[in-house]
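Let me begin by presenting the structure, written as structure tokens, before commenting on it.
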Amino acid sequence: MNAQPALLLLEEDSVAYLLAADYPAFGLCADTADAWVTSASAMIEAHCRRPTLMSASYTERLRFGRGPQVVRLSYAPLVSVDSMKARYECRREAEGNCGFVQEVATTFGLPGAWIEVDVTTLDVCLPLGELRLTESVFAPRFSEAEVTYTAGVASVPDAVKVACAQIVRNAQATPALNVKTNKMSGLEMDYFSDSLLDAQVRALLRPYVAERVA
């Protein structure tokens, strides 16, 4: 038997996190209109503040704090870090750093310059989506980085399918949304998002919510 695809494209640029064949297994009637699931899937992406939960490429510019040279990426789960460049601190940003380090940076014209970083030298924590730069007491610090990386899931997790089905059931139990199911739209469902995305749904989606909007 051929394996089913990880997701189903119902409309152009619309992704559903449940296949029609999955409906009964996740508590939906087999004849549930696909528009319910499409709208629920769009709400999931809006709640998670990301274009898709599936594996995709992202580019973010992130600032380093005053402590360890560590940044946390917005989207999870992290699959790979594909490229990175970082900018050395400018003189005003380096105030309080070792005078020798500032002197070296100034001598070689480094302040404010961007360089490519070899991603194989990074300490990457995939579960946390964190990147740590190798540091040296004699090396100038970086103030920010631009990271291109891949994050997302290869196939739809059961937790997301359960959340999608629950949103549909919540919508079907809302009288205002059941007047004309043949005219269901993402806009109408979004109007009722506070009641449709209940505590259970939010808990199921928590691992996929972006920590910041890129």
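The values are calculated or read from the model by the stated rules, or taken from the named source; none is laboratory data. Values in this document were obtained by computation on a predicted structure and should not be read as measured data. Here the Cβ is made from the backbone with ideal geometry for all residues, glycine too, and neighbour counts use every protein chain on show.
Going through Ala86, Ala35, Ala40, Ala76 one at a time, which residue ends up being modelled with pLDDT under 95, surrounded by 14 or more Cβ atoms within 10 Å (Cβ to Cβ) and under 15 Å from Val153 (Cβ atoms)?
Step by step, each of Ala86, Ala35, Ala40, Ala76 is checked, and only Ala76 is modelled with pLDDT under 95, surrounded by 14 or more Cβ atoms within 10 Å (Cβ to Cβ) and under 15 Å from Val153 (Cβ atoms).
Here are some residues: Leu205, Leu187. Which one is assigned to a helix (DSSP H, G or I), touching a Cys at 6+ places or on another chain (Cβ under 9 Å) and either assigned by TED's automatic domain parsing to the domain that holds Asp22 or modelled with pLDDT of 95 or more (or both)?
Leu205
Considering Ala173, Ala199, Ala165, which residue is farther than 30 Å from Ala86 by Cα, loosely packed, with under 15 Cβ neighbours inside 10 Å, at pLDDT 90 or above and not assigned by TED's automatic domain parsing to the domain that holds Arg61? Steps first, answer last, please.
Values: Ala173 fails: at pLDDT 90 or above; Ala165 fails: loosely packed, with under 15 Cβ neighbours inside 10 Å.
None of the others qualify; the one that does is Ala199.
Limited to segment 24-50, what total is found for residues that are more than 14 Å from Tyr208 (Cα to Cα) and free of Cβ contacts under 8 Å to residues at least 60 places away in the same chain?
Here the count works out to 6.
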